[in-house]
Structures are given as C-alpha cells and as structure tokens.
Amino acid sequence: MQQPRVETDAIGAGEGPQPAVPWSAWVTRQGWVRWSMYHVPQSWIQWWTTSSWRQPLQRVLWGLEGILYLLLALMLCHALFTTGSHLLSSLWSVVVAAWRHLLPAILLLVLSALPALLFAISFLLLFSTLLSLVGLLASMSHQGHAQDLD
C-alpha cells in the first residue's frame, strides 16, 4: 500500500496531508486578484478598464440572446407541431365519427335559428330607418338649421 505524499518545508518538517479546498474558496479569498496581477498581461488590464469594449460586447450578447430566443421559439413550434400531428393522427377516427354526428346537429341549429336572425335583422333595419326619419324631421322643425335649396 502506498503512503500518502507529505509536503515538507526546507528543513524537512512535514505538515501532513492538506484537506481538499473547494474552488469557491479561491474566489472568496481574493487570491485571484494576486494571481491576475502576475498572469494577465498589462494590455489586457488596460483594455478591461476602458469603457469602449462594453458596448460592442453588449451588442454581441444581445444578438446571442436573440438567436437563443429564436431557437427556443423554433424548438417550441417543432414540439407543438409534432405533438399535435401525433395527436391528430391517433384521434382522427374519433374526430371523423364526431363530425359525422355533429354536422347534422350544427346544420339543424343554424337552419332553425335563421328565421329568428332574419326577424332581428329586419327589426334593426326598420328601427334605424325610423330613427333616421325622426332625426330628419327634428332637424327640419328648427328654423335656424333649415337650408333653402333654391
């Protein structure tokens, strides 16, 4: 069985195995600032601190967001279409049987409602004609509003 490797300092005194540290501790310790000072080129830091890079980056991110929303919409349409086509293909016989029984009932309902609809339409036409005549007579009875057509 292999022994765990022990870290030792210059004189050989070991501290024993170190516990595993999660990566989030590196962010919270602010050690990344010191790391970036030595590993990130100065030109990159100057570019990062200038404000001119933010607007093109924001445009690119908005474009990517729009593309992702378009893809999401296309995927939803595809899912709805395929699901709907599967449902229609499996329920087609039910729809045909229901249509055969419902079509005569719908036609009978429409035909039985036709006399009532015709009566209502004729009553509305007569009522609007009477209102127009009353308005015409009322406007002709006032002397100031009457016009001489000669």
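The values are calculated or read from the model by the stated rules, or taken from the named source; none is laboratory data. Values in this document were obtained by computation on a predicted structure and should not be read as measured data. So basically every Cβ, Gly included, is an ideal-geometry build from the backbone, and we count neighbours across all protein chains shown.
A few notes on this one:
- Subset of the stretch 91-102 (residues that are at pLDDT 85 or above and either among the hydrophobic types (A, V, I, L, M, F, W, C) or in contact with a helix residue (DSSP H, G or I) (Cβ under 9 Å, 6 or more places away or on another chain) (or both)): LEU102
- Some residue of the stretch 45-58 being part of a helix (DSSP H, G or I), in contact with a Ser or Thr (Cβ under 9 Å, 6 or more places away or on another chain) and at negative phi: yes
- The number of residues in the stretch 64-90 that are closer than 30 Å to TRP44 by Cα and modelled with pLDDT under 90 comes to 0.
- Filter pass, SER85 being among the hydroxyl-bearing types (Ser, Thr, Tyr), assigned to a helix (DSSP H, G or I) and either out of contact with any Lys or Arg (no Cβ under 6 Å at 6 or more places or on another chain) or without any contact (Cβ under 8 Å) to a residue 40 or more places away in the chain (or both): yes
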